[in-house]
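Asker: One structure, as structure tokens, below. Some questions next.
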Amino acid sequence: MRAAILHAPDQVALGEMATPTAGPGEIVLKVRAATVCGTDIRILRGRKIKGVRFPSVLGHEFAGEIVEVGSGVADFSRGDRVAMDPVIPCRRCAYCKTGRENVCLNRQAMGYEFDGAYAEYLRIPAIALEAGNVVRIPDAMPFEAAALAEPLACCINGMRNVGVHLGDVVVIIGAGPIGLMHAALARRAGARLVIVSEPNGMRRRAALERGVDHAFDPTADDLGAEVRALTGGLGADAAVLAIGVPQLANEALQIVRKGGRVNLFAGFSAGDMASFDVNLVHYNEITVTGASALSRRDYETALNLLAGGLIDAGSLVTHRYPLVDALAALKEAEGGGALKVAITHE
């Protein structure tokens, strides 16, 4: 089969590799849609290394159709349309046992320890089926919309950590697909005012088109002053850093009110450090949280929101490429001219 194979940092090429077969307890999918994540770009550029193998196939946001079922698989059949939470917990470590499987000590993932979806076919290991990571999707649900359940589930985790309540003012720093998903979830949670900060004009327009109240350009606008003007001088109730620029952490702290909450959602490169005013946290009693991956519970919630049309994340896909143009898809995603890029398969 054809696949976009990662041979080393900065070295990915379309090539041929053995088509996977289903062993006991396994299934094989024909990949129908895979969306490009910013984390894939970080892996490609050598900025994320944990769990990464060479050679391997990236792609952890995907959906497809089952073409082969291994012995012992009773819950799925050939032809089923499915999507998958790509992060497989061990279900045995201290974190899994206390409901934090997203930070499982032994977690494995598609596109990392197991070959991912930038390929014609994908083998899903038995441990993923045993854990319940594979989920059927409705017949009417587009495959690319189902592929977006993974990033949406991650955003659900971040939203829970930052705690958005009825009537809150929420600021999202970064209006890429992740920032726009956060904005949509904040609105669903009852935020009265959703504000984004984004230097890319196309993305600011996309945010406004999707119901964001205000979209500011941090290169031209004083975000802190704008937020204070909209909140009677107090600041936002919550801020989400949806872009992996560590220097912006301090700005997030500066735009929330006393008792405010900040979530450092975006992934950062290994070794990234940031300086911030510790007195902002201390005297203003600001709560700072992180966000790591997703849980199976959040994944199914995300799929249900997408399937029910409650979150129109599917509209975030602005560019589509066939697998033979996977390298162009990665380049498009890295260039910032798209919202979400999908690699689609007939």
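Asker: On a 0 to 90 degree scale, rounded to 10, what angle separates helix 177-188 from the longest Cα axis of the chain?
Answerer: It is inclined by approximately 70 degrees.
Asker: Ok, one more. Between 0 and 90 degrees, rounded to the nearest ten: what's the tilt of helix 149-162 against the longest Cα principal axis of the chain?
Answerer: Value to nearest ten degrees: 30.
Asker: Next question, about the same structure. Using a 7 Å offset from the Cα along the Cα-to-Cβ direction at both Arg136 and Asn304, what is the distance between the two label points in nm, to one decimal?
Answerer: Computed distance between label sites Arg136 and Asn304 equals 1.7 nm.
Asker: Expressed as a whole percent, how much of the Cα-Cα distance distribution for the chain exceeds 35 Å?
Answerer: Percentage above 35 Å: 22.
Asker: Sticking with this one: Which lysines have a Cα less than 25 Å from the Cα of Lys258, not counting those fewer than 8 places away in the same chain?
Answerer: Within the straight-line limit of under 25 Å, Lys258 reaches no lysines at all.
Asker: Roughly how many whole Å is it from the C-alpha centroid of the stretch 287-327 to that of the stretch 115-143?
Answerer: Measuring centre to centre over Cα atoms gives 14 Å.
Asker: Still on this structure, I have one more. At a 1.4 Å probe radius, which order do Leu327, Leu148, Leu166 fall into by accessible area, largest first?
Answerer: Leu166, Leu327, Leu148
Asker: Taking the Cα of Asn284, stepping 7 Å toward and past its beta carbon, and measuring to each backbone N in the stretch 215-255: which are under 11 Å?
Answerer: From the stretch 215-255, the list is 224-225, 228, 234-239, 250-255.
Asker: So which lysines can Lys331 reach, going by Cα to Cα under 26 Å and dropping same-chain residues fewer than 8 places off?
Answerer: Lys30, Lys48, Lys50, Lys340
Asker: Now a separate question. Can you tell which of Met141, Met17, Met84 shows the greatest fluctuation in a Gaussian network model of the chain with Cα springs below 10 Å?
Answerer: Most flexible of the set in this elastic network: Met17.
Asker: Subtracting the Cα-Cα distance from 0.36 nm times the residue separation, let me have the gained length for Thr21 to Val103 in nm, one decimal.
Answerer: Once the chain is fully extended between Thr21 and Val103, it gains 26.5 nm.
Asker: Please report the antiparallel percentage of DSSP beta bridges with both residues in the chain, rounded to the nearest 5.
Answerer: 55
Asker: Accessible area per residue, 1.4 Å probe, Å², for the chain: what's the number?
Answerer: I get 43 Å² per residue for this part.
Asker: To the nearest 10 degrees, how steep is helix 326-335 against the longest Cα principal axis of the chain, on a 0 to 90 scale?
Answerer: Once rounded, one gets 10 degrees.
The values are calculated or read from the model by the stated rules, or taken from the named source; none is laboratory data. As the structure is a computational prediction, the values presented were derived from the model and not from experiment. Backbone-built Cβ (ideal geometry, glycine too); neighbour counts: all protein chains shown. These accessible areas exclude ligands, DNA and RNA; they are computed on the full protein's heavy atoms, side chains included. Shrake-Rupley method; radii C 1.70, N 1.55, O 1.52, S 1.80 Å.
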